[in-house]
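Notes for the one structure printed next.
The values are calculated or read from the model by the stated rules, or taken from the named source; none is laboratory data. This one's a predicted model, so the numbers in the text were calculated from it and none came from an experiment. Cβ placement follows ideal geometry from the backbone for every residue including glycine, while neighbour counts extend to all protein chains displayed. The area values use the complete protein model at the heavy-atom level, side chains included, leaving out ligands, DNA and RNA. Shrake-Rupley method; radii C 1.70, N 1.55, O 1.52, S 1.80 Å.
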Amino acid sequence: MPDAKHSPLDPFRVNVQGETVTIPSRLYQDEPAAGWETSLTPPQQVIAHCLYSRHSDGYVRQRHIEQVLESSDPWTAPFVVRLTGEYVLEILEAIGRGLPGLTVPGSTQRKLYGDFIARNPAFFVRTERLAVNYWACYYRWKYATFGTYPGSALLEALRTAASEHTGTRWPRNTPSPV
């Protein structure tokens, strides 16, 4: 990765299959020159896309998270889940399109995200609260109720995945989708 213009901001910690992973909230590195992926192995490419999904530019975040969504690697889940609580509508829509299995009972995607949420309940609560705040601030004029906001459907699918994984009803920290 090129040198950063600024230090990464406010890292957050999550549990991925029993290991603590520290992820920067924002990165300020420029994207590498075209063709950068060819010098990396497939796992290195996914890691780079995950890191760039934390970029300060929403367009950069979107481009890179779209490359991560098809991965079934457990360590990609925190990068995706974190973006469900952010404010860029196009990213929320891309995540919704890129995770069709999230709404399918027993699917690999549903198991992956259900396990991640179950291991990180406080992180998920914070993500839900961020999503509600961004909806209220930027999108309430367009989506009169939280349930019609694209982020609401994603959070509901994640909550359902956690419920399926744990066998218990997962608590809601957002307005009702109805």
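Which of the residues spanning the stretch 160-172 are assigned to a loop (DSSP other than H, G, I, E, B) and surrounded by 16 or more Cβ atoms within 10 Å (Cβ to Cβ)?
Kept after step one, since they are assigned to a loop (DSSP other than H, G, I, E, B), are these residues of the stretch 160-172: 167-172.
The one that is assigned to a loop (DSSP other than H, G, I, E, B) and surrounded by 16 or more Cβ atoms within 10 Å (Cβ to Cβ): TRP170.
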Query raised in the report: Residues in the stretch 4-12: is at least one at pLDDT below 90 and among the hydroxyl-bearing types (Ser, Thr, Tyr)?
Result: yes
Query raised in the report: Is at least one residue of the stretch 98-111 more than 11 Å from the chain's Cα centre (by Cα), surrounded by fewer than 20 Cβ atoms within 10 Å (Cβ to Cβ) and hydrophobic (A, V, I, L, M, F, W, C)?
Result: yes
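Take the residues of the stretch 74-97 that are hydrophobic (A, V, I, L, M, F, W, C) and open to solvent by 20 Å² or more (accessible area, probe 1.4 Å): which is farthest from GLU37 (Cα to Cα)?
Result: VAL88.
Filter the stretch 63-73 down to residues that are outside any loop (DSSP other than H, G, I, E, B) and open to solvent by less than 40 Å² (accessible area, probe 1.4 Å), then give me how many there are. It would help to see each step written out before you state the result.
Taking the stretch 63-73 as the starting set, the residues that turn out to be outside any loop (DSSP other than H, G, I, E, B) are 63-68.
With the extra rule that they be open to solvent by less than 40 Å² (accessible area, probe 1.4 Å), the set shrinks to 64-65, 68.
Result for the stretch 63-73: 3.
Any residue in the stretch 135-154 that is open to solvent by less than 50 Å² (accessible area, probe 1.4 Å), in contact (Cβ under 8 Å) with a residue 12 or more places away in the chain, under 18 Å from PHE12 (Cβ atoms) and assigned to a loop (DSSP other than H, G, I, E, B)? Walk me through it before giving the result.
Within the stretch 135-154, the first condition is being open to solvent by less than 50 Å² (accessible area, probe 1.4 Å), and the residues that meet it are 135-136, 139, 143, 146-147, 149-152, 154.
Checking the rest, the ones that are also in contact (Cβ under 8 Å) with a residue 12 or more places away in the chain come to 135, 139, 146-147, 149-152, 154.
Next, only the ones that are under 18 Å from PHE12 (Cβ atoms) stay: none.
So far as the stretch 135-154 goes, no, none of its residues is open to solvent by less than 50 Å² (accessible area, probe 1.4 Å), in contact (Cβ under 8 Å) with a residue 12 or more places away in the chain, under 18 Å from PHE12 (Cβ atoms) and assigned to a loop (DSSP other than H, G, I, E, B).
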Query - Options PRO74, PRO78, PRO43; residue that is within 21 Å of ASN173 (Cβ to Cβ) and at pLDDT 90 or above - result: PRO78
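To keep it simple, each residue is scored yes or no on (1) closer than 17 Å to SER53 by Cα; (2) of a type in the set (A, V, I, L, M, F, W, C); (3) more than 16 Å from the chain's Cα centre (by Cα).
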{"position": "ARG82", "(1), (2), (3)": "yes, no, no"}
{"position": "ARG119", "(1), (2), (3)": "no, no, no"}
{"position": "TYR143", "(1), (2), (3)": "no, no, yes"}
{"position": "THR148", "(1), (2), (3)": "no, no, yes"}
{"position": "THR160", "(1), (2), (3)": "no, no, no"}
Query raised in the report: (1) modelled with pLDDT of 90 or more; (2) in contact with a strand residue (DSSP E or B) (Cβ under 8 Å, 6 or more places away or on another chain); (3) within 21 Å of GLY151 (Cβ to Cβ): which one isn't true of ARG26, the others all being true?
Result: (1)
